[in-house]
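In what follows, a structure is listed as structure tokens, so that the remarks can point back to it.
The values are calculated or read from the model by the stated rules, or taken from the named source; none is laboratory data. Predicted, not measured: the structure shown is a model, and the values here were computed from it. Positions of Cβ are generated from backbone atoms using ideal geometry, with glycine treated the same way; all protein chains shown enter the neighbour counts. We work out accessible area using only protein heavy atoms, side chains counted, and drop any ligands, DNA or RNA first. Shrake-Rupley method; radii C 1.70, N 1.55, O 1.52, S 1.80 Å.
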Amino acid sequence: MILSNLKLGVEVVGAHNLLPKDGQGSSSSFVELYFDGQRFRTTIKEKDLSPVWNETFYFNISDPSNLHMLVLDAYVYNNIRATQSRSFLGKITINGTSFVPYSDSVVLHYPLEKRSIFSRVRGELGLKVYIIDDPSIKSSTPISAANDTQVHSHSAQTPAPKIPRSEVRHTFHHLPNPNHPPQQQQAPPPVAVYPQGTRYMTEDMKVPEPQPPPQLVRMHSATMAQPVDYALKETSPFLGGGRVVGGRVIRTDRMSGCTYDLVEKMHFLFVRVVKARELPAMDVTGSVDPYVEVRIGNYKGITKHIEKSQNPLWNVVFAFTRERMQASVLEVVVKDKDLLKDDFVGLCRFDLNEVPMRVPPDSPLAPEWYRLADKKGEKIKGELMLAVWIGTQADEAFPDAWHSDAALSVDTAASTLIRSKVYHAPRLWYVRVNVVEAQDLLPTEKTRFPDAYVKVQIGNQVLKTKPVQARTFNPLWNEDLLFVAAEPFEDNLVLTVEDRVAPGKDEIIGRVIIPLSMVEKRADDKMIHSRWFNLEKPVAIDIDQLKKEKFSSRLHLRVCLDGGYHVLDESTHYSSDLRPTAKQLWRPPIGVLELGVLNAVGLHPMKTRDGKGTSDTYCVAKYGHKWVRTRTIVDNLCPKYNEQYTWEVFDPATVLTVGVFDNSHLGDKGSNGTKDLKVGKVRIRISTLETGRVYTHSYPLLVLHPTGVKKMGELHLAIRFTCTSFANMLYKYSCPLLPKMHYVRPFTVMQLDMLRHQAVNIVAMRLGRAEPPLRKEVVEYMSDVDSHLWSMRRSKANFFRLMSIFTGLFAVGKWFGDICLWKNPITTVLVHVLFLMLVSFPELILPTVFLYMFLIGVWNYRYRPRYPPHMNTKLSQAESVHPDELDEEFDTFPTSRGPELVRMRYDRLRSVAGRIQTVVGDVATQGERFQSLLSWRDPRATALFVTFCLIAALVLYVTPFQVIAALIGIYMMRHPRFRHRLPSVPINFFRRLPARTDSML
């Protein structure tokens, strides 16, 4: 689009509850506006604490591509006529990212802010700010600073676009100041670039709607540039009766917010069908099989039918989206289930205009008995107990209701699979089994000593000790075996002592079964009490033979439930909970995390229904033990969820994960199997969120496919982190990341990988038994179970991440090299002076370093990120990855590819590993050369170095350190004419030192 005459329109509507400043309990207020070097002023409203101006001003936008970098400042002043001065009443600042087209603009009431910590302000200012591109509108004449106290009014000559206005507009005229000339009105260039994320109004846009949709106002990208379509976008939706601007909810009216203030308020018509009584008999047998059909327009919900009952009980709730309802009458029809055609029993009609509104925390509406009527409206036998009301998402009936927007084409049987639910993952424990020894083992063949080992099993987890080949019947193992168990404990601990009779043939000697509920729990590393357990024979034995045996076989064990650890059931990089298992070790929460799942747009079709692509999507959010699932929106590529959830936060170094999935269990043929398909996910680290700020962003759902990276749509979220204890939050930064036991008795990497795999399986099994189930593929995707598998793409990404870390160090080295080469003599001389000052006063070195870091931090504050980080395709090497490398990443484990392809990949891996091997060897060589300085491996080199050390010690003893340091520094920064192109003597000496490469095979 070609930009022409682009302007910023500002309508100053009025102020409310201003601070009196004239000494008589009132103020004579006016507003000054500043934008892009231009300034306008309203008229003065005498003696009015709630003035109304209704004046409109238009600013020129000199460079539309930099609009998101500009700000609009509005200052409210009190005019002091006696002294021709003014006093401050408050100000507001609006970023350019909040400017929207005229069609989306509304009047917002901004609370006035202080100019400094000593200012005293109150009240709010109502403004309407918008972008307009209309050639017929002329910019207002800006005022200069020459005569700020003179006020002249005139009628505005340019009405708002498309809407005739007759009100008088006022502004100021001043003589131009030669020191501050007004900005000239320049026509924009023929082709211009939009500010990122801003949509402008065109000629054909209509009058603004009262509730515009969420508006995109700015796009964000990470430090590494990536396509704009993959970037994070900031939105400005209406949440809880207000609009989010710059992280704050600005109220559009004087009403207070609702409890669900992070989602767009949606109204639903709720119908609770409780039961019926004394229904008329419809069959020849004198019975009836009733069910209820709730209809409004084209939407209807049906209860299940009750076999042969004239007094049925249903107790179900139906929810119909109010904005989609096209009828004014609600019909609740009772029908009789029949083989061929269902019979009509009776109905109840309700006028929607008479339906009451319920606002929590009001008590639920009490159901009433309604007499059934026939189709003509005449009363018949039978009554139906109903409750009908209009509510929002805050209603208690919302989660369990049958939703018309979610289940329009889903039968009643599948409706339970699409409801929103909250899940609590089970509390996981590490089970430590220390197998010490056995006593008096009795193998089948009593002529040989047993080759014994112990197999330990909990559910599907099986571990074995090493076989003991000792010439004794009392083998000793003393091995620790670790397992994962979940409360409530359903599986027993089973230990089996087996004898390896021959290769591939084992015989059971005895077994011990221990209920986990009887196992001792501990929260630290205290000593575990050991116990002897008698081994039970696995098969029936002769009682008389057992009486003849003097001793029975026993097993010595130490078993405990370790509650001092945090059971890692997710990737350590994206952990959402770091608390230990034992609740007595938990600390108070530091804050509350609130998530509003607003909507998704542009979703990629995941299935085909009725010849067109569609999706049945739902969102899953995971943080700590609490998992939440929104309702499934059926047959919709732009679903609106508008559901809000809350978590307690115990550590800022945790991550919230939100995933979008396609429900494949609704019974249609296009469901692509029995697994729910992943659409994409979002990760948000709590420590990157400012406290009290509302983050409203549109997150691109990026998924890596075998064909490359693909955008599956965008997910709109609203997030707020509220700190309840600032001191506890700061204290958390000094605490270890994991509980104490992870450092006192750490696990190996192999143990952690095995235990994490078992923990994910247990959580998936438990959540899969809920109703509706949270299936295994969902749990695995949210927990990043495959993050440890090999990937050439990830390896490259991690290498470039490592290189970017040292970029600053390399830049400093290059800068110092330029100093030594005297490329800029002035800079080099200044560095020499600074160096000599620090050498002369070494006590200034550390203060200078810390002061420099402080200044860098303060300077970078203005460039701090204003949004949570998001997945970056360039950082992940997803844009430049080779197709074969992607195919290798998506290959199963073990591989399912052909031998030739595996051979090629193996050769490529050998090539990459060979280069890594060379680099590691070179680093090891340099370290070994340092060791050989004093090891006399090279007697002549060590003798030279020892002699040099003695001379250096004597020289340093009699010479001040400042002199030595100054000489070394000046020598290193000497002029190039005093340099040689060959390496220096110390480098030559070091490179000649021997390393242990000679001993390598």
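A compact table of results
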item	result
Subset of the stretch 881-910 [under 30 Å from Gln226 (Cβ atoms) and loosely packed, with under 10 Cβ neighbours inside 10 Å]	Thr892, Phe893
Every residue from the stretch 474-491 that is farther than 22 Å from His566 by Cβ, part of a strand (DSSP E or B) and open to solvent by less than 70 Å² (accessible area, probe 1.4 Å)	Trp477, Glu479
Condition check for Leu715: modelled with pLDDT of 90 or more and either touching a His at 6+ places or on another chain (Cβ under 7 Å) or over 27 Å from Leu262 (Cα atoms) (or both)	no
Candidate set: the stretch 336-357, residues that are modelled with pLDDT of 85 or more and basic (Lys, Arg); chosen: the one least open to solvent (accessible area, probe 1.4 Å)	Lys337
Residue in the stretch 565-587 that is open to solvent by 20 Å² or more (accessible area, probe 1.4 Å), touching a His at 6+ places or on another chain (Cβ under 9 Å), outside any loop (DSSP other than H, G, I, E, B) and in contact (Cβ under 8 Å) with a residue 12 or more places away in the chain present	no
Condition broken by Lys308, with the remaining ones in (1) under 30 Å from Ala718 (Cβ atoms); (2) more than 35 Å from the chain's Cα centre (by Cα) satisfied	(1)
Hey, Pro865 touching a residue at least 12 places away in the same chain (Cβ under 8 Å), surrounded by fewer than 13 Cβ atoms within 10 Å (Cβ to Cβ), over 29 Å from the mean Cα position of the chain (by Cα) and within 28 Å of Tyr699 (Cβ to Cβ) or not	no
Residue satisfying condition, being under 27 Å from Leu934 (Cβ atoms), open to solvent by less than 60 Å² (accessible area, probe 1.4 Å) and in the same structural domain as Thr942 (by the TED database), within set Pro983, Pro994, Pro976	Pro994
Check on Asp73, out of contact with any Phe, Trp or Tyr (no Cβ under 7 Å at 6 or more places or on another chain) and surrounded by fewer than 21 Cβ atoms within 10 Å (Cβ to Cβ)	no
Sole residue being buried (at least 19 other Cβ atoms within 10 Å of the Cβ) and out of contact with any Cys (no Cβ under 6 Å at 6 or more places or on another chain), chosen from Leu442, Leu495, Leu463	Leu495
Tally, over the stretch 75-127, of residues that are at pLDDT below 85 and among the acidic types (Asp, Glu)	1
Odd one out for Ile528 among (1) outside any strand (DSSP E or B); (2) at pLDDT 85 or above; (3) open to solvent by less than 80 Å² (accessible area, probe 1.4 Å)	(2)
Residue count, the stretch 21-45 (criterion: open to solvent by 50 Å² or more (accessible area, probe 1.4 Å), of a type outside the set (Ser, Thr, Tyr) and modelled with pLDDT of 90 or more)	1
Test: residue in the stretch 704-713 that is surrounded by 21 or more Cβ atoms within 10 Å (Cβ to Cβ), out of contact with any Cys (no Cβ under 8 Å at 6 or more places or on another chain) and of a type in the set (S, T, N, Q)	no
All positions within the stretch 732-757 that are surrounded by 20 or more Cβ atoms within 10 Å (Cβ to Cβ), aliphatic (A, V, I, L, M) and either free of Cβ contacts under 8 Å to residues at least 12 places away in the same chain or in the same structural domain as Asp662 (by the TED database) (or both)	Met741
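To keep it simple, each residue is scored yes or no on (1) of a type in the set (Ser, Thr, Tyr); (2) exposed (fewer than 12 other Cβ atoms within 10 Å of the Cβ).
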residue	(1), (2)
Ala759	no, no
Val763	no, no
Tyr781	yes, no
Leu802	no, yes
Thr807	yes, yes
Gly817	no, yes
